[in-house]
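Data first, discussion second: the structure below is written as structure tokens.
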Amino acid sequence: MKLGKVEFCHSLQLIALLLCFAGLSQGELSRSSSKPYFQAGRSRTKRSWVWNQFFVLEEYMGSDPLYVGKLHSDVDKGDGSIKYILSGEGASSIFIIDENTGDIHATKRLDREEQAYYTLRAQALDRLTNKPVEPESEFVIKIQDINDNEPKFLDGPYTAGIPEMSPVGTSVVQVTATDADDPTYGNSARVVYSILQGQPYFSVEPKTGVIKTALPNMDREAKDQYLLVIQAKDMVGQNGGLSGTTSVTVTLTDVNDNPPRFPRRSYQYNVPESLPVASVVARIKAADADIGPNAEMEYRIVDGDGLGVFKIAVDKDTQEGIITIQKDLDFEAKTSYTLRIEAANRDADPRFLSLGPFSDTTTVKIIVEDVDEPPVFSSPLYPMEVSEATQVGNIIGTVAAHDPDSSNSPVRYSIDRNTDLERYFNIDANSGVITTAKSLDRETNAVHNITVLAMESQNPSQVGRGYVTITILDINDNAPEFAMDYETTVCENAQPGQVIQKISAVDKDEPSNGHQFYFSLTTDATNNHNFSLKDNKDNTASVLTRRNGFRRQEQSVYYLPVFIVDSGSPSLSSTNTLTIRVCDCDADGTAQTCNAEAYVLPAGLSTGALVAILACVLTLLVLILLIVTMRRRKKEPLIFDEERDIRENIVRYDDEGGGEEDTEAFDMTALRNLNVIRDTKTRRDVTPEIQFLSRPTFKSIPDNVIFREFIWERLKEADIDPCAPPYDSLQTYAFEGNGSVAESLSSLESVSSNSDQNYDYLSDWGPRFKRLADMYGTGRESVYS
């Protein structure tokens with residue numbers, strides 16, 4: 001009859017209880033004479049009680065307190081005069097003692113994994129005197145283990161990796177399970193390992209937990225990851241033992257066990273012949289089942305007729321072979337190329353070389369397509385030379401270009417004017433002959449770099465470019481001149497033959513043998529008694545004094561003409577004037593002052609006279625300034641400020657008024673009656689100081705005469721006014737005249753008038769006045785009846 005797990009545990013508890021009961025006799029007090037007892041101040045006596053340690057089974061689940069053992073003293077006669085007390089770990093809280101009988105019980109469930117034993121002290125006291133009748137003694141209650149804890153993998157779950165194709169028995173990882181039960185008692189903590197999932201690929205050693213490979217040639221490309229379940233079971237794996245599991249993820253790492261292979265045996269690509277050098281023609285890739293460094297490739301061209309025209313390199317990111325152009329393609333020269341390309345692993349594993357060569361080859365055919373190409377010049381650069389003295393229209397050189405296509409279209413030439421902005425050169429459109437279009441000057445521009453365009457006649461969009469460098473050859477067309485503006489001085493105390501200046505010359509020309517200048521004085525200056533010139537024969541000359549006794553009072557400045565001739569063919573010359581100032585010098589010959597005015601001043605005006613003249617000039621200027629200021633104040637601007645400026649100033653009020661009923665806003669009679677006397681008013685565009693006399697009133701005369709006189713009066717007033725503006729101004733008169741022929745039609749006057757007027761003539765004015773005619777005509781009585 002088989003027992004279940006629970007029944008088995010209960011059976012073990014019962015067996016443990018029986019063992020504890022059988023050992024109670026060892027826990028009771030007994031007489032012993034083997035162990036003496038020493039009491040302070042007394043003679044040596046024998047110990048009256050002793051016991052061994054007690055055992056208590058853990059995890060007791062009963063309802064009553066668990067009996068642990070019994071304490072008894074020989075002094076106890078059973079009459080109740082002895083009292084037992086307990087102290088130490090768990091006393092009163094876990095363990096209690098019957099003070100009359102000495103029986104010890106456990107009141108709580110005990111767990112050995114929490115605390116394996118308890119140390120307590122027992123003492124027997126006289127109940128009446130409460131004094132110890134036996135010395136205090138210490139004892140231990142040990143918790144006896146049962147199998148109540150399953151093995152646990154504290155470090156799980158596990159991950160591990162091994163190279164693919166590893167041999168059988170390769171260690172993968174070691175797993176470890178721990179059991180909290182007592183390893184010294186029974187088999188509760190003895191663990192055995194087994195594999196529940198992961199067979200037949202892996203196995204585990206039962207005692208050590210080391211996982212190893214169980215099959216050879218595990219291929220990562222077929223399956224790269226395995227999940228294992230490992231079990232640890234206590235009780236040496238026997239039935240009834242407790243178990244725990246963990247998972248182990250095993251990943252196969254890659255090795256270079258797969259050679260590269262091209263998916264196709266041949267490839268074909270079409271490229272135009274106009275494709276520039278270094279352009280990509282094609283990308284090919286050999287497949288490799290490996291990953292990472294084991295899949296890195298190397299490509300090379302091993303054979304074919306395009307070894308010098310194409311090259312192949314690897315793209316490190318994609319491991320593709322990139323074929324690029326090394327030389328220009330020409331359909332007319334060759335229409336196709338064939339390349340034999342090999343792909344191989346960069347790092348091969350010697351262990352797998354037996355599987356075959358770790359390389360593969362394929363054929364790539366490149367077809368060159370014809371395109372309409374621009375004309376090609378016979379030379380990439382045309383160097384030319386021309387003298388700067390050449391005449392306009394002379395030939396400098398010739399360029400030549402041709403159409404590389406089979407059609408061989410005629411070519412026309414032109415100069416890119418962006419490279420010849422001044423248009424110094426022309427080119428014959430048909431022959432390519434370059435001629436001069438302007439006079440050339442080497443000193444302005446010594447080298448001209450121009451671009452010549454060659455266009456196909458049949459397709460002008462196809463343009464080729466050629467480059468021409470024209471060097472201008474020098475001729476002697478520039479005369480020499482002083483190298484700088486010299487500031488030459490001569491001391492008043494200079495001696496005859498003293499060098500006062502060393503001069504040199506420059507020439508814009510560049511003769512092939514270098515410059516050679518000759519210095520001399522002009523014919524007019526050769527016989528002067530002041531200075532001489534010495535040619536040093538090294539392109540320099542020295543100016544020397546011929547006499548002494550130079551005086552600033554007599555002459556402060558001398559002009560010395562120097563004649564310079566170059567060595568060109570033909571030679572050119574120039575006359576340069578050297579200005580020499582006479583100066584007062586110190587003992588070392590250093591010029592102190594070269595101003596001659598200090599000596600001239602005493603002969604003319606004195607300093608006091610000059611000061612007086614200056615004061616008079618300043619006074620005159622002040623008077624003129626005052627006069628101008630006064631005149632400006634008298635003639636103030638006609639416009640006081642911007643707000644009162646009536647010229648071109650339109651004021652908009654947006655006020656519609658009250659109509660005919662509004663009799664307060666405007667004086668209507670002033671607009672109708674011209675006989676109103678006009679008051680004398682000051683012009684708004686003149687300053688208040690100037691006043692005008694009152695103007696005559698207007699009489700009731702025909703409108704055209706009134707307007708003419710009104711405007712004439714205003715014009716005459718402006719003409720005679722000395723302060724009127726001398727510029728055009730807009731005069732606003734606001735004058736309406738006498739009114740219309742029909743005079744006033746206002747209902748205000750009609751109502752206020754008692755006269756009987758006849759308005760029948762309104763009917764003769766047309767349909768626009770029909771309403772008025774009906775209101776004021778003969779039929780008016782009927783209207784208001």
(Q) So for each of 463-469, 186-192 I average, over its residues, the number of other beta carbons within 10 Å; can you give me the resulting order with the highest mean first? (A) 186-192, 463-469
Q: Return the tail of the calculated pair distribution for segment 54-144, meaning the percent of Cα-Cα pairs more than 19 Å apart.
A: 39 percent
Q: Whenever you get a sec, line up 112, 552, 351 from highest to lowest accessible area (probe 1.4 Å, protein heavy atoms).
A: 351, 112, 552
Q: Report the full-extension gain for the segment residue 92 to residue 274: residue separation times 0.36 nm, less the Cα-Cα distance, to one decimal in nm.
A: 55.0 nm
**Q.** Mean Cα-pair separation over length for segment 376-473, i.e. relative contact order, pairs under 8 Å, 6 or more apart, %
**A.** 37 percent
Q: Once you've got the Cα coordinates, tell me which of 311/365; 285/316; 316/365; 285/365; 438/508 are over 18 Å apart.
A: 316/365; 438/508
Q | Fraction of accessible area attributable to carbon and sulfur, segment 266-369 (%, probe 1.4 Å) | A | 50 percent
Q. Could you state the principal axis extents of the C-alpha atoms in segment 481-593, from the largest down, to the nearest angstrom?
A. 48, 27, 19
Q | Accessible-area order (highest first, 1.4 angstrom probe) of the listed residues 448, 515, 402 | A | 402, 515, 448
Q) Going by average Cβ neighbours within 10 Å, how do the peptides 440-447, 474-481 rank, with the highest at the top? A) 474-481, 440-447
Q. In segment 376-473, carbon and sulfur make up what percent of the accessible area (probe 1.4 Å)?
A. 49 percent
Q) Of the heavy-atom accessible surface of segment 152-253 (probe 1.4 angstrom), what whole percent is carbon and sulfur? A) 50 percent
Q) On full extension of the chain, what length is gained from residue 758 through residue 178, given 0.36 nm per residue of separation minus the C-alpha to C-alpha distance? A) 194.9 nm
(Q) Could you tell me the ratio Rg/Rh of segment 152-253? Both radii from Cα atoms, Rh via Kirkwood. (A) 1.04
Q) What percent do you get for the relative contact order of segment 467-575 when only Cα pairs under 8 Å and 6+ apart count? A) 34 percent
Q: For each pair in 77/142; 152/233; 502/534; 83/108; 108/152; 142/233, compute the distance between the two Cα atoms and list the pairs where it is over 18 Å.
A: 77/142; 83/108; 108/152; 142/233
Q: Could you state how much accessible area residue 137 has, in square angstrom rounded to the nearest 10, with a 1.4 Å probe and all protein chains kept in place?
A: 10 Å²
Q.
Rounded to the nearest 10 Å², what accessible area does residue 762 have for a 1.4 Å probe in the complete protein model?
A. 0 Å²
Q) What is segment 101-187 by shape, rounded, prolate or oblate, if you read a ≥ b ≥ c off the alpha carbon gyration tensor as root eigenvalues and call it rounded for a/c under 1.5, prolate for a/b larger than b/c, and oblate otherwise? A) prolate
Q: Send over a whole-number figure in Å² for the accessible area per residue of segment 272-364, probe 1.4 Å.
A: 52 Å²
Q: Would you kindly find the accessible area of residue 585, with a 1.4 Å probe and non-protein molecules such as ligands, DNA and RNA excluded, rounding to the nearest 10 Å²?
A: 20 Å²
Q. Given the Cα atoms of segment 445-498, and with Rh set as the inverse mean 1/r over their pairs in the Kirkwood sense, what is Rg to Rh to two decimals?
A. 1.57
Q) For segment 376-473, what is the accessible area per residue in Å², given a 1.4 Å probe and the full set of protein chains? A) 51 Å²
Q | Extension gain from residue 315 to residue 534, taking 0.36 nm per residue of separation minus the Cα-Cα distance | A | 71.0 nm
Q) So what is the relative contact order for segment 152-253, in percent, with contacts set as C-alpha pairs under 8 Å and at least six apart? A) 36 percent
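The values are calculated or read from the model by the stated rules, or taken from the named source; none is laboratory data. What you are looking at is a predicted structure, and each value in this text was computed from that prediction instead of being measured. Every residue, glycine as well, gets a Cβ built from its backbone with ideal geometry; the counts of neighbours run over all protein chains shown. Side chains included, ligands, DNA and RNA excluded: accessible areas come from the protein's heavy atoms. Shrake-Rupley method; radii C 1.70, N 1.55, O 1.52, S 1.80 Å.
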